[in-house]
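Working notes for the structure below.
Nothing in this text is a laboratory measurement; each read-out follows from the coordinates by a stated rule. Predicted model, so just to flag it, every value in this text is computed and none were measured. Cβ placement follows ideal geometry from the backbone for every residue including glycine, while neighbour counts extend to all protein chains displayed.
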Amino acid sequence: MNNLLRAAAALILLPFLMAATWLQFPSIEADGTEGMTVTGLLRVPEGQGPFPAAVLLSDCDGISPHERVWGQRLADQGYVIYLIDSFFTRGVETTCGETPDVPVMDDLRGAIARLKTLPEVDASRIAVIGWQDGADVALAWAAQPGGGLAVVFYPSCSMAEPLARSTLFVLPTAYGGYEACNAFVFGEYEAGKTVQRIAPYDVGAGFDCQECAGVYLGGPGGWNDPADSLTTRNILAEMERMLTLH
């Protein structure tokens, strides 16, 4: 992302930033070893908790307006939002088109562990939400035993393993990974997994973010107002339903 686009993204993120605080946590490797200290943005709703929480994982271009848009939507529904910044912490701008060398899964483990220590958070109702590359990380997390909910926006599903956690797939039919992910979802459903699919027709990646035009590396077509409005209601309703199943 060039400097001009980064400046535009920062302006779009400003309202979300003003309502959030920085909260650090140690990254946690698969064997439980603590790694480097990572920074995230935490936003807690007003009122009496504990609240359900959502960890947001960005795409390969790092934090973009997409996370702010959905962070605001979820905050309005009473979620604690934790937006982790795996890229900035390590001095990385983008991994788009490259072999990822940023241990986002380790950061995700650390972020969840940190959230569970907060009295404002209902530790039994934590969702992990990702877009594209971030969705692939959330999907890998969903293959590991434990509670919580994964919400994956247009993942690749190319390396998807059998699910062990509840998972909500957002699969616009015009994005490149639709066929593979659709087949994976139906296979998991037939295997008795707790899985749900929302598949807006004839739109691609980025259909759900008006503010992402020019700063989000999504698919062709861009934002689609009717699809965004309809699926947002459905996604929020399904998240609430699936988080109460535990």
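Some values worked out for this structure:
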| read-out | value |
| --- | --- |
| About the Cα centre, charge dipole magnitude for the range 3-243 (Lys/Arg +1, Asp/Glu -1 at Cβ), debye | 520 debye |
| Rounded to whole Hz, the Karplus (6.51, -1.76, 1.60) HN-Hα couplings of the range 38-51, x for glycine and proline | 10, 10, x, 9, 10, 10, 10, x, 6, x, 8, x, x, 10 |
| Computed over the chain, the ratio Rg/Rh where both radii use C-alpha atoms and Rh is Kirkwood | 0.93 |
| Long-range amide H partners of Ala143 with built H, under 5 Å | Ala164 |
| 5 angstrom amide H check on Gly35, placed H, neighbours 5+ away | Ser27, Ile28, Glu29 |
| The range 148-162 - phi-based ³J(HN,Hα) in whole Hz, Karplus 6.51/-1.76/1.60, Gly and Pro as x | x, 9, 9, 10, 10, 8, 6, x, 7, 6, 5, 10, 5, 10, x |
| The range 109-141 versus the range 44-96: alpha-carbon centroid distance in Å | 10 Å |
| Gain in span if fully extended, Leu245 to Glu120, counting 0.36 nm per residue against the direct Cα distance | 43.0 nm |
| Most positive-pole-ward Cα, Pro65, Phe184, Val102, against dipole of the chain from beta carbon charges | Pro65 |
| Helical mean residue ellipticity (222 nm; -39500 (n - 2.57) per DSSP H run of 4+; nearest 500) of the chain | -11000 deg cm²/dmol |
| FRET efficiency for Gln144 and Gln77, using Cβ-Cβ distance with R0 set to 30 Å, rounded to 0.05 | 0.70 |
| Pair Ala183, Leu236: separation of 7 Å Cα→Cβ label points (nm) | 3.6 nm |
| Residue (of Gly35, Cys209, Thr21) at the positive-pole extreme of the chain, dipole from beta-carbon charges | Thr21 |
| Distance in nm between pseudo-label sites at Asp225 and Phe88 (7 Å out along the Cβ direction from Cα) | 3.2 nm |
| Lys, Arg +1 and Asp, Glu -1 on Cβ, resulting dipole of the range 28-150 about Cα centre, debye, nearest 20 | 500 debye |
